[in-house]
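Chemist: Starting off with a structure, shown below.
FYI, it's all coordinate maths here, none of it is from the lab. All values derive from a computational prediction rather than experimental measurement. Don't worry about glycine lacking a Cβ; one is built from the backbone with ideal geometry, like all the others, and counts go over all protein chains shown.
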């Protein structure tokens with residue numbers, strides 16, 4: 001079968017059960033796609049000529065992935081009962097420790113570091129018998145919204161190679177959107193799964209805080225981080241979500257609640273009449289052109305509202321008055337937790353160690369030299385901001401005040417959910433912008449403001465899902481729409497997401513990726529030497 005890599009995870013699983021496709025064939029097809037479209041895997045002649053690719057992967061796990069695929073095929077041939085996604089390959093964000101593979105957090109601080117154990121979600125992926133294709137690129141320690149802040153070079157958007165794929169999990173989103181993997185895991189601290197999904201035309205889910213274990217996930221901001229799925233369809237996200245969710249006694253923040261009927265609700269939502277009676281709250285503060293939302297984003301969002309209404313959903317306007325304060329509160333809380341979590345990278349205990357070139361060899365000087373060389377500009381910016389916010393005399397004024405705003409945001413969400421079942425907004429105010437347009441020499445606030453619709457969700461601890469809403473008229477690039485549900489009600493997201501996805505696919509004549517340019521042709525014709 002040609003272009004196996006364009007099948008969804010659910011389609012691949014069905015064909016494997018039917019004996020039409022083997023796991024080895026599917027895994028090899030994706031490895032071949034990575035080789036054709038990713039910079040590290042391109043032929044030496046192309047690299048020497050200055051050619052590159054998406055740079056979505058930091059490590060490709062060829063031998064182990066094929067070995068697991070062969071094992072799955074043998075088990076299936078022997079008549080064993082296998083999990084739903086057995087044999088379907090997956091990519092892993094390089095923030096999740098994975099035994100036998102490098103885990104770098106895209107930082108020189110951990111370059112080449114090999115974890116001695118698997119994170120809990122990796123254990124669940126292995127238990128689900130899913131071949132791991134490799135580790136994907138990200139902003140260093142997940143700090144960024146563009147995947148330009150990786151120590152190993154930026155990832156490029158498969159829709160347009162001069163554009164960002166979002167961040168911090170741009171590698172996972174680009175891998176899925178570029179058909180390098182049908183499924184990927186990401187982490188979402190302030191939108192790092194949903195915003196990349198929006199600008200790459202894929203599906204991204206930030207589950208309820210604590211519903212998926214963070215054990216083995218390198219911490220950025222512990223009260224905000226959450227692992228979640230990145231896929232091309234809502235059903236695929238539901239399948240992966242069910243595979244990795246559940247209580248973990250090794251994670252002190254893990255919730256001891258049952259895994260929801262995510263797949264069941266996704267199938268129900270996609271059926272005719274699946275959205276009848278659903279109350280959808282439209283957040284008035286998050287779709288106004290005056291607030292930075294571009295016309296193309298607003299047009300696709302308003303069209304999606306009409307499709308929801310036509311499918312039987314009831315639209316209700318709601319207000320989240322404190323959402324406009326979310327960016328300031330988020331960056332103070334996140335940076336403060338970053339300052340604390342990254343203090344252990346000191347050149348003494350593990351990771352990079354840089355010795356001072358001159359002067360006495362004290363621990364303080366080794367630490368200073370190591371952190372200066374090991375962290376990039378964005379990581380340093382956030383560490384400094386967080387350290388300042390936590391310092392004596394400023395704690396109450398900054399960190400303490402931000403936590404009070406967080407409480408108000410949680411109250412706003414609770415009040416809104418008394419009127420509706422889910423909330424809806426655009427995922428990001430713009431489409432993917434050009435690489436280099438928000439680098440450290442410019443105002444970083446331009447990057448931070450792009451998180452206006454996503455960071456309130458993390459502050460509130462509630463689940464959210466982003467899916468493609470179409471293409472913007474201005475540039476022909478993907479636009480995302482975001483649904484948010486109350487805590488523990490993740491299943492509602494799959495119902496409404498699948499319902500809208502079905503309506504949009506019918507209107508478009510198929511999924512959005514059918515309009516995507518051929519990535520291999522873009523790579524052949526693109527002048528990598530002329531772009532940052």
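Chemist: What is the fewest-to-most order of 404, 380 by other Cβ atoms lying within 10 Å of their Cβ?
Modeler: Least to most surrounded, the residues fall as 404, 380.
Chemist: Hey, another quick one. Pull up the DSSP beta bridges for the chain and report the antiparallel fraction as a percent, rounded to 5.
Modeler: In the chain, approximately 65 percent of DSSP beta bridges are antiparallel ones.
Chemist: How would you classify the chain from its alpha-carbon gyration tensor, with a ≥ b ≥ c the square roots of the eigenvalues: rounded for a/c under 1.5, else prolate if a/b is greater than b/c, otherwise oblate?
Modeler: Because its axes are fairly even, with a/c under 1.5, the chain counts as rounded.
Chemist: Take the range 344-393, drop everything but the C-alpha atoms, weight them equally and run the Debye formula without solvent; then report log10 I(q)/I(0) at 0.20, 0.23, 0.31 Å⁻¹ to two decimals.
Modeler: For the requested q values the scattering log ratios are -0.73, -0.87, -1.09.
Chemist: Quick one: which of 158-170, 267-279 comes out on top by average Cβ neighbours within 10 Å, and what's the full order, highest first?
Modeler: 158-170, 267-279
Chemist: So if R0 is 25 Å, what FRET efficiency would residue 391 and residue 348 give, r being the distance between their Cβ atoms, rounded to the nearest 0.05?
Modeler: FRET efficiency, residue 391 to residue 348: 0.65.
Chemist: Run the numbers for residue 20 and residue 75: contour at 0.36 nm per residue of separation, minus the present Cα-Cα distance, in nm.
Modeler: 18.2 nm
Chemist: Moving on to the next point. Just check the range 445-532 against the gyration tensor rule for me: Cα atoms, a ≥ b ≥ c as the square roots of the eigenvalues, rounded for a/c under 1.5, and otherwise prolate or oblate depending on whether a/b exceeds b/c. Before the final figure, lay out the partial values.
Modeler: Details: a/c = 2.82, a/b = 1.41, b/c = 2.00.
Taking the square roots of the gyration eigenvalues as a ≥ b ≥ c, the range 445-532 is oblate.
Chemist: So what is the relative contact order of the range 143-255, in percent, for Cα pairs below 8 Å that sit 6 or more residues apart?
Modeler: Relative contact order here is 23 percent.
Chemist: Please report the spacing between the Cα centers of the range 331-371 and the range 1-30 in Å, no decimals.
Modeler: The two parts, judged by their Cα centres, are 46 Å apart.
Chemist: Related question: If you average the sequence gap of Cα pairs under 8 Å that are 6 or more apart and divide by the length of the range 244-383, what percent do you get for the contact order? It would help to have the intermediate numbers written out before the result.
Modeler: Details: 113 pairs, mean separation 24.1, N = 140.
After rounding, I find 17 percent.
Chemist: Quick check: from the Cα gyration tensor, does the range 119-221 come out rounded (a/c under 1.5), prolate or oblate?
Modeler: Note, shape of the range 119-221 comes out prolate.
Chemist: Give me 16, 143, 367, 361 sorted ascending by neighbouring Cβ count inside 10 Å, so fewest comes first.
Modeler: Starting with the residue having the fewest Cβ neighbours, the order is 361, 367, 16, 143.
Chemist: Same structure again: If packing is taken as the average number of other Cβ atoms within 10 Å across a peptide's residues, how do 305-312, 196-203, 293-300 rank, most packed first?
Modeler: 196-203, 293-300, 305-312
Chemist: State log₁₀ I(q)/I(0) for the range 287-413 at q = 0.09, 0.15, 0.16, 0.23 Å⁻¹ as given by the Debye formula over alpha-carbon point scatterers of equal weight, solvent excluded.
Modeler: -0.48, -0.86, -0.91, -1.24
Chemist: What is the chain's relative contact order, in percent, from Cα pairs under 8 angstrom and six or more apart in sequence?
Modeler: 17 percent
Chemist: Okay, next question. In whole angstrom, how far apart do the alpha carbon centroids of the range 158-172 and the range 197-255 sit?
Modeler: 20 Å
Chemist: Same structure, new question: Quick one: which of 176-189, 489-502, 469-482 comes out on top by average Cβ neighbours within 10 Å, and what's the full order, highest first? Walk me through the intermediate numbers first.
Modeler: On the way: 176-189: 30.0, 489-502: 25.6, 469-482: 22.3.
Packing order, densest peptide first, comes out as 176-189, 489-502, 469-482.
Chemist: For 93, 250, which order do you get if you count the other beta carbons within 10 Å of each Cβ and list the fewest first?
Modeler: Ascending Cβ contact count within 10 Å gives the list 250, 93.
Chemist: Kindly provide the helix-only [θ] at 222 nm of the chain, computed as the sum of -39,500 (n - 2.57) over DSSP H runs of four or more divided by all residues, to the nearest 500 deg cm²/dmol? List each step's numbers first, then the result.
Modeler: Details: 18 runs with 200 residues, N = 532.
Counting only the DSSP helices, I get -11500 deg cm²/dmol.
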